[in-house]
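First comes the structure, then the notes that go with it.
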Amino acid sequence: MAKGVKPRVKVPKKADAGEAITIKTLISHKMESGQRKDSDGNRIPRSIINRFTCAFNGTSIIDVTLEPAISTNPYFQFEAVVPEAGEFHFTWYDDDGSVYETKKAVKVA
Amino acid sequence: MKYNSITAIVAGLVVASTSAFAGEDSVLSIDGQEFITQAAAPAHMENVDTIYSGWVFRTDETQALEMDDFDNPSFVFVEQAEELFETVDGSAGKACVSCHESPEVFAGLRAKMPRVNDDGELETLPELINGCRTERMGAEAWKWSGGQMSGMLALVGLQSRGDIVDVAIDGAAAPFFEKGKELYYKRVGQLDMSCANCHEDNYGNMIRADHLSQGQINGFPTYRLKNTKLNTIHGRFKGCMKNIRATPFKEGGDEFKALELYVASRSNGLMVETPSVRN
Amino acid sequence: MTFTRRETLAVGGAALAVAALPAKLMASTADLIAGVTGGAAASSDGIELTAPEIAENGNTVPIAVSAPGAVAITLLAGGNPTPGVATFNFGSGSAEQSASTRIRLAGTQDVIAVAKMADGSFVAAAQTVKVTIGGCGG
């Protein structure tokens, strides 16, 4: 598992049924691009988050393929529909096989 | 001879602006709170009339990143520090929270740092933190500019966000202030430059494509887009000295501590913006 | 003293140091778009790409893209060592086919967005982003 990787998400706690909400996500990850060289001149191998998904009660909201050109501490903002009360499930997949997850519940008025 | 040509080369990099003074129209507002980003320079500054936060010199996109506590990437590190605050560390089996009820007890502290203690020593925030760790927690000191320290400095500094910077420069602080001031104006390094050459003589001008600020530190630790992490005051001093090809002073050493006091006092009147976002 | 970059740059434009990449090494924007569409033409209507004119630092450049009705949007950077940046695949729960992120740009280049629409057609947009070299350690 890469060190110090911490996800952070911003989701409103409540929404009206059928409302569109803005979701923001960030994960602290170095996103080693594979382009950098160490002090001996050897290439530092690529090690990035390569995929990010968000689903609500099992329905996919967004599925992102990331390349090394995504900045350190990958940030995404996108819009989701809240059809009913439920839970957003966020997943980040690391090149090294680790999977980072977090969930956020939303109530419906 | 050599001195003159180097100065000339460097002067060639700095493009003087001939336009009249242009007002700053963007307003820094963070989650509804408006911030003072411009103020009358404190009385001790002879060559500057108005002081400006570093925020003012950045592009619209960079400025926007500081205006929202989620868009501001610093906060993932602040959250990590909140967890550290409650984590037991060291032989005494304590966490910060064992003695300090919550980070909120530090409200107002960062606005007055660095300060001289009752023993006449100039103390900075990292020393207060490491003092607790080594003397009261039986834990190892954190590296001055490492991830744990910079995160904790951001968390503690955040408790003073919006407070007016008010660093004492008289009384016991006077000798440290004078030493820091001397360092600020002293030319060093292969490029033979002082802090003042850029940050007092040329703020607002471009050095190649960098928009020079006044070098204020009221927003430190700051998340820099350039290295995508929190940067500390001494970390930046060290970087600046390397940029002018001088041998940097030691982080946590007497020179940088005195310089920190002097530079902090140049922002007396601005607001603490910790943790800020810069280029 | 001026404080907006635009005003200051207008005065000192000649001295602006821009990280330009050799033209022959940069994949052409048209080729990159064709790489996503498989050669099919891409209209420019119905897609909006938001990127700064000048990136304050090439390491972290905020980008936003929006294409109502898209199934997926692919972001490319023609002048990077590898052009791929990200692909946003929108699920049935998505409210708007839009996304914002922050990307790395190696030098001044075109940022390109290609959206695949539900009917299999493509729309594309491109914008040149200037990436500058700072005076103090980049």
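With θ taken as phi - 60° and the coefficients 6.51, -1.76 and 1.60, list the Karplus ³J(HN,Hα) couplings across the range B:115-129 in order, rounded to whole Hz; mark glycine and proline as x.
9, 9, 8, 5, 8, x, 9, 7, 10, 10, 4, x, 6, 5, 5
Taking the alpha-carbon centroid of each part, what is the distance from the range B:42-82 to the range B:108-133 in angstrom?
Rounded to whole Å, the Cα centres lie 22 Å apart.
Have a look at the range B:46-193 and give its Rg and Dmax from the Cα atoms, expressed in angstrom.
18.0, 52
What's the FRET efficiency of B:GLU34 with B:HIS100 using the Cβ-Cβ distance as r and R₀ = 45 Å, to the nearest 0.05?
Values: r = 30 Å, r/R0 = 0.66.
Calculated transfer efficiency: 0.90.
Considering amide H positions built from the backbone, and no H for Pro or chain starts, which residues 5 or more places from B:ARG115, or on another chain, come under 5 Å of its amide H?
When sequence neighbours closer than 5 places are left aside, the close amide H contacts are B:GLU123.
Quote to one decimal, in nm, the extra length available between B:ARG187 and B:GLU46 on full extension: 0.36 nm per residue of separation minus the C-alpha distance between them. Don't skip to the end; give the middle numbers.
Working: separation 141, 0.36 × 141 = 50.76 nm, distance 1.84 nm.
Using 0.36 nm per residue and subtracting the Cα-Cα distance, I get 48.9 nm.
Please rank B:VAL88, A:VAL106, C:VAL131, fewest neighbouring Cβ atoms within 10 Å first, as an exposure proxy. Walk me through the intermediate numbers first.
Details: B:VAL88 13, A:VAL106 21, C:VAL131 24.
Fewest-to-most ranking of B:VAL88, A:VAL106, C:VAL131: B:VAL88, A:VAL106, C:VAL131.
Report, by chain and number, residues whose modeled amide H sits under 5 Å from the one on B:MET137, excluding near sequence neighbours (fewer than 5 apart, same chain).
Amide H neighbours of B:MET137: none.
Please list, ordered by chain and number, the residues whose modelled amide H lies under 5 Å from the amide H of A:ILE49; skip anything fewer than 5 residues away on the same chain.
A:MET31, A:ASP95
At 37 °C and 0.692 mPa s, what whole-number value in µm²/s does Stokes-Einstein give for the translational diffusion of the protein assembly as shown, with Rh from the Kirkwood sum over Cα pairs? Before the final figure, lay out each step's value.
On the way: Rh = 24.8 Å.
Answer from the Stokes-Einstein relation: 132 µm²/s.
Can you list the HN-Hα couplings for the range A:34-47, worked out from phi with the Karplus curve (6.51, -1.76, 1.60; θ = phi - 60°), rounded to whole Hz and with x for Gly and Pro?
3J(HN,Hα) across the range A:34-47, in whole Hz: x, 9, 6, 10, 7, 5, 8, x, 8, 5, 7, x, 4, 7.
Using the alpha carbons of chain B, what is the convex hull volume per residue in cubic angstrom, as a whole number?
On the way: hull volume 36.1 nm³, N = 279.
Considering the Cα atoms of chain B, their hull volume per residue is 129 Å³.
Pop out the ³J(HN,Hα) list for the range C:113-121 in order, Karplus 6.51 cos²θ - 1.76 cosθ + 1.60 with θ = phi - 60°, rounded to Hz; leave Gly and Pro as x.
Once θ is set to phi - 60°, the couplings for the range C:113-121 become 10, 10, 10, 9, 8, 4, 8, x, 7 Hz.
Using bins 5 angstrom wide from zero, how does P(r) for chain A break down, in % of all Cα pairs?
Result, from short to long distances: 2, 11, 22, 20, 15, 11, 8, 5, 3, 2, 1, 0 percent.
I need the P(r) histogram for the range B:84-139: all alpha carbon pairs, bin width 5 Å from 0 out to the longest distance, whole percents.
4, 18, 24, 25, 17, 11, 1
Around B:GLU273, with a cut-off of 13 angstrom between Cβ atoms, what is the net charge of the other residues, counting Lys and Arg +1 and Asp and Glu -1? Write out the running numbers ahead of the final one.
Numbers: positive: B:ARG58, B:ARG110, B:ARG161, B:ARG278; negative: B:ASP31, B:GLU34, B:GLU66, B:ASP69, B:ASP163.
With Lys, Arg at +1 and Asp, Glu at -1, the neighbours total -1.
Setting aside same-chain residues fewer than 8 positions from B:LYS226, which lysines have a Cα under 24 Å from its Cα?
Answer for B:LYS226, where 24 Å is the Cα cut-off: A:LYS3, A:LYS6, A:LYS24, A:LYS30, A:LYS37, B:LYS143, B:LYS238, B:LYS242, B:LYS250, C:LYS130, listed by chain and number.
Hey, got the average number of other protein chain Cβ atoms within 10 angstrom for residues in C:77-90? Working shown, then result.
Details: counts 2, 0, 0, 5, 5, 6, 2, 6, 6, 9, 6, 7, 6, 7.
Mean partner shielding for this stretch: 5.
Readers should treat all values here as calculations from the given coordinates under stated rules, not as data from a laboratory. These numbers come from a predicted model, not from an experiment. Neighbour counts are summed over all protein chains in view; Cβ atoms, including those assigned to glycine, are modelled from backbone coordinates with ideal geometry.
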